[in-house]
Amino acid sequence: MSRYIAITDIHGELDKLESVLSQIETRPDDIFVFMGDYIDRGSKSKEVVDRVIEQSNYNKCVYLIGSHEYAMLHAKTDEYYGWLYDNYGGPATTRSYGGFDNIMKIHGDFYRNLKFYYLTDKYLFIHAGINPAYSLEDQNEVDMVYIRGKFIYSKHNLPQKIIFGHTEFDKPYISDDKIGIDLGCGKYKNAHLCALILDENGKEEFIYS
Ligand SMILES: [Mn+2]
């Protein structure tokens, strides 16, 4: 079995991403799971996306969608998401790309191909979580990128442990059936970016920027 390396909520903080990556001795069969919110807030959204794409030269990489990519992708067609983009760090992404229209011109293939979750035998990787009232197949898109307490503070019925981001904690949130690894990178100057390495024996190792 390969190791999984989960990273989420980078939010334009290229230096913190590089810091985390430099501390991981990667193996060729490691699988990187980037769990969304590459963009917004920090000043280097475009460079962060370039860097996570670059990692696919060395390892299998899975790219999930986060709430901020969801808002960006709907910003021009839906007033509510346009408001979210404008008020939750989107202008930093527009600056990073030298204009809003450049985002999809430069990285359109990347953003259009983002997945909502990645399911393995032991784990479900997803940006925000699932609505525990529904099966995985019946989840709606908005819940998968925006849900918080209703997911975090109740049990879910999947056999997999859920690895999630989106809701930030002071340190990784660890319970029997889920692990949250967003520590507020991009939102707070001193917040760490956290990578979670899951090995073949079920060991969980946390790496911090
Ligand atoms: Mn986020």
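The values are calculated or read from the model by the stated rules, or taken from the named source; none is laboratory data. Please read all numbers here as calculations on a predicted model, not as lab measurements. For neighbour counting, all protein chains shown are included, and Cβ atoms are generated from backbone atoms with ideal geometry for every residue, glycine included. For the accessible areas, the whole protein counts, side chains as well, though only heavy atoms, and no ligand, DNA or RNA atoms are used. Shrake-Rupley method; radii C 1.70, N 1.55, O 1.52, S 1.80 Å.
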Inset, instruction - Might you check whether a residue that is within 16 Å of the ligand (Cβ to nearest atom), more than 23 Å from GLU141 (Cβ to Cβ) and surrounded by 21 or more Cβ atoms within 10 Å (Cβ to Cβ) occurs anywhere in segment 23-43? - result: yes
Inset, instruction - Would you please name the residue that is farthest from GLY42 (Cα to Cα), looking only at residues in segment 163-209 that are free of Cβ contacts under 8 Å to residues at least 40 places away in the same chain and touching a helix residue (DSSP H, G or I) at 6+ places or on another chain (Cβ under 8 Å)? - result: TYR173
Legend entry - Test result for ASP50, part of a helix (DSSP H, G or I) and loosely packed, with under 14 Cβ neighbours inside 10 Å: no
Inset, instruction - Among the candidates HIS166, HIS127, single out the residue that is at positive phi and within 16 Å of the ligand (Cβ to nearest atom). - result: HIS166
Inset, instruction - Tell me the strands (runs of 3 or more DSSP E) entirely within segment 94-209 that contain at least 1 residues that are among the acidic types (Asp, Glu), modelled with pLDDT of 95 or more and surrounded by fewer than 18 Cβ atoms within 10 Å (Cβ to Cβ). - result: 204-208
Inset, instruction - Could you grab me the full set of residues in segment 1-20 that are within 15 Å of CYS194 (Cβ to Cβ), of a type outside the set (Asp, Glu) and open to solvent by 20 Å² or more (accessible area, probe 1.4 Å)? - result: TYR4, LYS16, SER19
Legend entry - Residue check for GLU69: within 14 Å of the ligand (Cβ to nearest atom), in contact (Cβ under 8 Å) with a residue 40 or more places away in the chain and open to solvent by 20 Å² or more (accessible area, probe 1.4 Å): no
Inset, instruction - Report yes if THR77 is within 27 Å of ASP121 (Cβ to Cβ), at pLDDT 95 or above, open to solvent by 10 Å² or more (accessible area, probe 1.4 Å) and not in a helix (DSSP H, G or I), otherwise no. - result: no
Inset, instruction - Check TYR173, TYR111, TYR134, TYR146 and return the single one that is hydroxyl-bearing (Ser, Thr, Tyr) and away from the ligand (no atom under 16 Å from the Cβ). - result: TYR134
Inset, instruction - Return yes or no: is GLY90 open to solvent by less than 60 Å² (accessible area, probe 1.4 Å), within 16 Å of the ligand (Cβ to nearest atom) and within 19 Å of the chain's Cα centre (by Cα)? - result: yes
Legend entry - Search result, residues across segment 50-66 that are of a type outside the set (A, V, I, L, M) and within 11 Å of ILE7 (Cβ to Cβ): ARG51, GLN55, CYS61, TYR63
